Amino acid sequence: ADNGKKYVIGVSQCSEDIWRDKLNSELVMSTYQHDNVVLKFASANDDDRLQAKQISRFVKEGVDLLIVSPNQIHTISSVIDKAYDRGIPVILFDRKTDSKKYTAFIGADNYEAGHEMGAFIARQLKGKGNVVEICGLEGSSPAIERNRGFMDAVSGFPGIRVVDRRYAGWLKDRGAAAMDSILAGGQHVDYVFAQNDRMAVGALQAAERHGIRGMRIAGIDALPVPGGGMENVRDGRMEASYIYPTRGDLVMQLALNILEKRPYKRDNYLKGTLVTSNNANALLLQSEEIMKQTARIQSLHGKVDNYLAQYNHQKVYLLLFSVI
Ligand code: FRU
């Protein structure tokens, strides 16, 4: 700021994975244009209690604004409410709470994501077949909303039967375990909707162990990194994914609008995109180009190391690799 004041922003991530790494590095990148912002990161490893503690610590330390992706819808609402009541602006991103106490929300429309995938899968199956849904973390808002959208879409097709649904906490290994147990039960499965790509990859591995090659599957996230959804769709391992946008630049813009008292919208929905064999290659090439430029900017700038080393040092290397 003109008077030399620095805004301290606490970023509370519910989990740690390549999607959140991308978002964190975008947040860091967008501070390059804003010398008046200092970011603090905390990552809760899918643990509600840890996330609540980390947020309380941010409040104690005196942050000017909180950016939070709440692990579940109920579990950490009270600690967020407390921060909000103290006058700390709160931006919820990607996941929601069940409380009205937030300053703004920014993230994709998860109902829409589930709905698009449901309609896509029904079309692929020509309106007929057994479908399994592998959901994320029970009680986290994207899992709830993706499921609703998905069910609304497939309910328009009387020949589509959702024969099983399991919760797998967004994690690859749990996605594998879920698929394992479904197939071990002898269930015939024509198509799997995994609520994220990591669980989809786990489910595919489990299917292979059961001697099923080329199980038809679609996921969500479509990250353009090695092993991510975009590559898996391009290479034909998955039939589809859906770009679940990170857009750290817009999250930061929203934070600054709030801090600097400019007008902003309270609820901000980001556009996602269906990724299929028709567009995966083009989208991947485009993203790789952007990521090369990003890597160049980051290597010209020392800041990324400082921030993310505090957050988690092993992660810095992964992050740099993933953008080069
Ligand atoms: C990353 C993630 C994504 C998923 C999102 C839902 O932590 O698990 O895979 O799309 O969170 O909030």
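The values are calculated or read from the model by the stated rules, or taken from the named source; none is laboratory data. No experiment lies behind these values; they were computed from the predicted model shown. For neighbour counting, all protein chains shown are included, and Cβ atoms are generated from backbone atoms with ideal geometry for every residue, glycine included.
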Query raised in the report: Are any residues in the stretch 29-82 touching an Asp or Glu at 6+ places or on another chain (Cβ under 8 Å) and within 30 Å of residue 297 (Cα to Cα), and if so, which ones?
Result: 29, 30, 40, 43, 45, 69
Report task. Please work out which residue is surrounded by the fewest Cβ atoms within 10 Å (Cβ to Cβ), limiting yourself to the stretch 217-232 and to residues that are within 17 Å of residue 143 (Cβ to Cβ) and of a type in the set (A, V, I, L, M). Result -> 218
Requested in this report: Residue by residue through the stretch 17-37, note down the ones that are closer than 19 Å to residue 108 by Cα and either in a loop (DSSP other than H, G, I, E, B) or away from the ligand (no atom under 16 Å from the Cβ) (or both).
Outcome: 17
Query raised in the report: Out of all the residues in the stretch 1-40, which are out of contact with any Pro (no Cβ under 9 Å at 6 or more places or on another chain), among the polar types (S, T, N, Q) and free of Cβ contacts under 8 Å to residues at least 60 places away in the same chain?
Result: 3, 13, 33, 36
Requested in this report: For the stretch 47-59, indicate whether the set of residues that are modelled with pLDDT of 95 or more, surrounded by fewer than 19 Cβ atoms within 10 Å (Cβ to Cβ) and part of a loop (DSSP other than H, G, I, E, B) is non-empty.
Outcome: yes
**Report entry** All positions within the stretch 86-121 that are part of a strand (DSSP E or B), within 15 Å of the chain's Cα centre (by Cα) and either among the aliphatic types (A, V, I, L, M) or within 20 Å of residue 169 (Cα to Cα) (or both)
**Finding:** 92, 93, 106, 107, 108
Requested in this report: Starting from residues that are within 16 Å of the ligand (Cβ to nearest atom) and either free of Cβ contacts under 8 Å to residues at least 12 places away in the same chain or not in a loop (DSSP other than H, G, I, E, B) (or both), keep the ones in the stretch 205-222 and report whichever is nearest to residue 244 (Cα to Cα).
Outcome: 221
